[in-house]
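The values are calculated or read from the model by the stated rules, or taken from the named source; none is laboratory data. Just so you know, these numbers come straight off a predicted model, no measurement behind them. Quick reminder, even Gly has a Cβ in these numbers, built from the backbone with ideal geometry, and neighbours come from all protein chains shown. The area values use the complete protein model at the heavy-atom level, side chains included, leaving out ligands, DNA and RNA. Shrake-Rupley method; radii C 1.70, N 1.55, O 1.52, S 1.80 Å.
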Amino acid sequence: MSNDIAKTQQERQAQSGAPRFRQPSDIIEREDGFHIFMDMPGVAKGDLVIDLEDSELVVSGRACAELPEGEKYLEVEFGSCEYRRAFKLSDTVDRERIRASLSNGVLELFLPKAEAAQPRRIEIKAG
Amino acid sequence: MVIDFGSFYDFPRYWDKVFEEFFGPATLAQRRAAYPPLNISENDEHIRVRAEIPGTAMQDVELTLTGRSLVIKGERKAPEGKYFRQERPAGVFQRVVTLNVPVERDGVRATLADGVLDIVLPKTEAVKPKKIDIQMS
C-alpha cells in the first residue's frame, strides 16, 4: 500500500506541478437517461478532454488562473489546477449517443439509456 | 457521563497539527471555507476580484458596490431529477469584499467567462502612485 501511495505521489509530481482535483459532480437520472453535471470553472473548451475507453469515461481538464503581469495577489483561494475524474458506465447507457456541452464552467454529460433499457409498456392482446 | 479514555499527553499530535496547518497548502485548506472562492489581486491601476461561480448565469449574480465594500450575491440552482450523487453546492451565496482604497464607481467592469467572474475596480486618481519631477533650479 505504501508503494501505491508513493506511486501516486510520483505521478502527481510528474504532471506540471499543478494540484489535481476530482471535480464535484452531480449524477441525475431522468426518464431519457443519465445526466452528469461537473463544476469545472476556468476550463476552456479546448482544455477539456473526454475519453471513453471500454466502460470507463474519463473527464479531464486544466484550469489556468495566471496572474497578469504587474499584478500581485492579496488573497488567493483558488488557482491553476487539473481536474480528472473517471466514471464507470453501466451497460444500459447507449455509448454512441453520449453528448457533452460546456457552459458557464459546468460540463453537462448526457448519457442516454439504450433502447432496450428504456421502460416499455407491454401490449396485452386479447386472446 | 462520558468517560474519556484519550491520553492527556496529546502534545506530539497537537504539534503535528500546528505544523500541518502552518505549512500545508493554504489554497487547499481555504477552498471549502467560503463560497465562492475569491482571488484578489491589484496593481497600480486597479483592484481585480475573481470568483469561481460555475453554473451561475450573469443575470443570477448581483454585484453591489457600497461605500467601502463590494458585495457579490447570487444563487445557484440545482437541476431537477432523481439524484444519485450530489456534490455541487446549490443555493444562495453572498460574499463581501472590504476595499480599503477608494475606487472609481463608474469605471467598474465585470465579465463572466468559463464560470469565472472577473471584476476590475479602477482606483481613483488620488491614490494612484504619481511620479514627481524634480526641477533643476
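Rolling a 1.4 Å probe across all protein chains gives residue B:64 an accessible area of roughly 50 Å². In the assembled protein chains, residue B:101 presents an accessible area of approximately 40 Å² (probe radius 1.4 Å).
For segment B:106-137, a reduction of at least 40 Å² in accessible area between the chain on its own and the assembled protein chains (probe 1.4 Å) is found at B:114. The shape of segment A:18-124 can be summarised by an equivalent ellipsoid whose semi-axes, obtained from the alpha carbon gyration tensor, come to 36, 13, 10 Å from longest to shortest.
Roughly what angle does helix A:2-14 make with the longest principal axis of chain A, taking Cα atoms, 0 to 90 degrees, to the nearest 10? With both axes taken from Cα atoms, the answer is about 70 degrees. Per-residue ellipticity at 222 nm, computed for chain A from helices alone with -39500 (n - 2.57) per DSSP H run of at least four residues, works out to -3000 deg cm²/dmol.
Rounded to a whole number, what % of the accessible area of chain A do carbon and sulfur atoms account for, probe 1.4 Å? Roughly 47 percent of what the probe reaches on chain A is carbon or sulfur. Rounded to 0.05, the FRET efficiency of the residue A:49 and residue B:84 pair, given R0 = 30 Å and the Cβ-Cβ distance, is 0.80.
Between residue A:76 and residue B:137, what is the FRET efficiency for a Förster distance of 35 Å, r being their Cβ-Cβ separation, to the nearest 0.05? After rounding to 0.05, the efficiency reads 0.15.
Computed on segment B:30-119, with alpha-carbon pairs under 8 angstrom and 6+ residues apart, the relative contact order is 30 percent. Relative contact order of chain A: 26 percent, from C-alpha pairs under 8 Å at least 6 residues apart in sequence.
Once all protein chains are placed together, residue B:38 keeps about 10 Å² accessible to a 1.4 angstrom probe. Rolling a 1.4 Å probe over the protein heavy atoms gives chain A an accessible area of 65 Å² per residue.
On association of chains B and A, roughly 3300 Å² of accessible area becomes buried (total for both chains; probe 1.4 Å). For residue B:118 and residue A:125, what does the FRET efficiency come to when R0 = 45 Å and r is the distance between their Cβ atoms, rounded to the nearest 0.05? Once rounded, the FRET efficiency stands at 0.10. You can think of it this way: the chain between residue A:30 and residue A:56 has 7.3 nm of extra reach, that is 0.36 nm per residue less the Cα-Cα gap.
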